[in-house]
Amino acid sequence: MPDKPLILFDHDGGVDDYLSILLLMSYDHLDVRGIVVTPADCFINSAVGATRKILDLVGRSDVPVAESTVRGIYPFPRETRRDSVCIDHFPNLNEHDTIATPLVREPGQRWLAAQLRAAPRPVTLLVTGPLTTVAAALDEEPALEHKIERMLWMGGALNVNGNVRDSEHDGTAEWNVYWDPIGAQRVWQTQFPILLCPLDITNTVPLTSEFIKQLGRQRRHPVSDLAGHCYALVSHQPYYFWDVLTTAYLGVPELFTTRDWETEILVDAPRQGRTALKPGGRVVTAMHSVDVPRFYEHMLAQWRR
């Protein structure tokens, strides 16, 4: 029997990051070695607490959690960051006085480097936030690049508009790049394969009221109940399966088509954070299309487990 793929997960505490934890932990064919929380789209203490409590809920307190201490350049809006506080206070995550899932003592970027160094074979990085923690780990020990088999990243906008609406910016950037364009540019200098889940594909997979209602019909399952509450929290606004779609590729890659692009990360205003197409640039593979009805079905099935 072949060895299970080794996974290290780096997320930034947004609502869909917690949902990605629920999905990732439902895949028995993966060996998840740990989770790092990057302090970007969250308030970090709440995000770390919610992450650990979710792992307790799904019976995976064997997965350690580390808190990255990196900082970005352009902060996420406060109104999205505060969702981490709400989720950390959900009743179904606070039935117990103690948290079993361990919190790593050292900063997450150093712990990530240590995990790569100690891994018995190359690791898949799943990143659903900015690339700053990965960049910091590689800056600490550049030779660790060869321990990364590939990186799946929710980030960028290739042939569509970005989702940044900020002063002195032209609107071409996606937030996970914009938070720290220099960190993203650092990772773009590596040689390991990058599989991108850009806005081009996530824009085609919206969160719908019908999907939330379907989760409600199976709320007897604790994971479905938690997922339904998370999605209800953001249902007042346009919302998409950003991070969850990225994570799903690890479970059902057959639902996706991909395409290669030559790219660069721009760091100067007014296009800072844009993932631009550039002939001769860094080649990345991007998720190009997905079977949307089957994706929805897959999510509901995994969260019934």
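The values are calculated or read from the model by the stated rules, or taken from the named source; none is laboratory data. Here the structure is a predicted model, which means the values were calculated and not measured. We place every Cβ from the backbone using ideal geometry, glycine too, and count neighbours over all the protein chains shown.
Descriptive notes on the structure:
- Which listed residue is surrounded by 24 or more Cβ atoms within 10 Å (Cβ to Cβ), closer than 29 Å to Pro122 by Cβ, among the hydroxyl-bearing types (Ser, Thr, Tyr) and within 20 Å of the chain's Cα centre (by Cα), from Thr247, Thr190: Thr247
- For His298, the conditions (1) in a strand (DSSP E or B); (2) more than 18 Å from Val164 (Cα to Cα) are fulfilled apart from (1).
- Once segment 205-228 is narrowed to residues that are among the β-branched types (Val, Ile, Thr) and surrounded by 14 or more Cβ atoms within 10 Å (Cβ to Cβ), the residue that is nearest to Met25 (Cα to Cα) is Val223.
- Between Arg105, Arg110, the distinction of being of a type in the set (D, E, K, R), within 21 Å of Pro64 (Cα to Cα) and touching a helix residue (DSSP H, G or I) at 6+ places or on another chain (Cβ under 8 Å) belongs to Arg110 only.
- Per-region count, segment 57-79, residues in contact with a helix residue (DSSP H, G or I) (Cβ under 8 Å, 6 or more places away or on another chain) and either modelled with pLDDT under 95 or closer than 22 Å to Trp303 by Cβ (or both): 5
- On inspection, Gly216 fails the criterion of being touching a Pro at 6+ places or on another chain (Cβ under 9 Å) and farther than 18 Å from Trp261 by Cβ.
- Strands (runs of 3 or more DSSP E) completely within segment 1-92 that count 3 or more residues being within 16 Å of the chain's Cα centre (by Cα) and either within 19 Å of Tyr178 (Cβ to Cβ) or acidic (Asp, Glu) (or both): none
- Within segment 107-161, being basic (Lys, Arg) and in contact (Cβ under 8 Å) with a residue 60 or more places away in the chain holds for one residue alone: Arg121.
- Checking every residue in segment 264-280 against the condition of being over 20 Å from the mean Cα position of the chain (by Cα), closer than 24 Å to His11 by Cβ and outside any strand (DSSP E or B) gives at least one match.
- Pairing residues of segment 61-87 that are closer than 13 Å to His11 by Cβ with residues that are surrounded by 20 or more Cβ atoms within 10 Å (Cβ to Cβ) and basic (Lys, Arg), at Cβ distances under 8 Å and at least 6 apart in sequence or on separate chains, gives Val65/Arg52.
- Any hit, segment 251-265, residues being of a type in the set (A, V, I, L, M, F, W, C), crowded, with 17+ Cβ neighbours inside 10 Å, under 24 Å from Gly183 (Cβ atoms) and at pLDDT 95 or above: yes
- When segment 137-161 is filtered for residues that are of a type in the set (Gly, Ala, Ser) and either in a loop (DSSP other than H, G, I, E, B) or crowded, with 23+ Cβ neighbours inside 10 Å (or both), the ones remaining, listed by number, are Ala137, Gly155, Gly156, Ala157.
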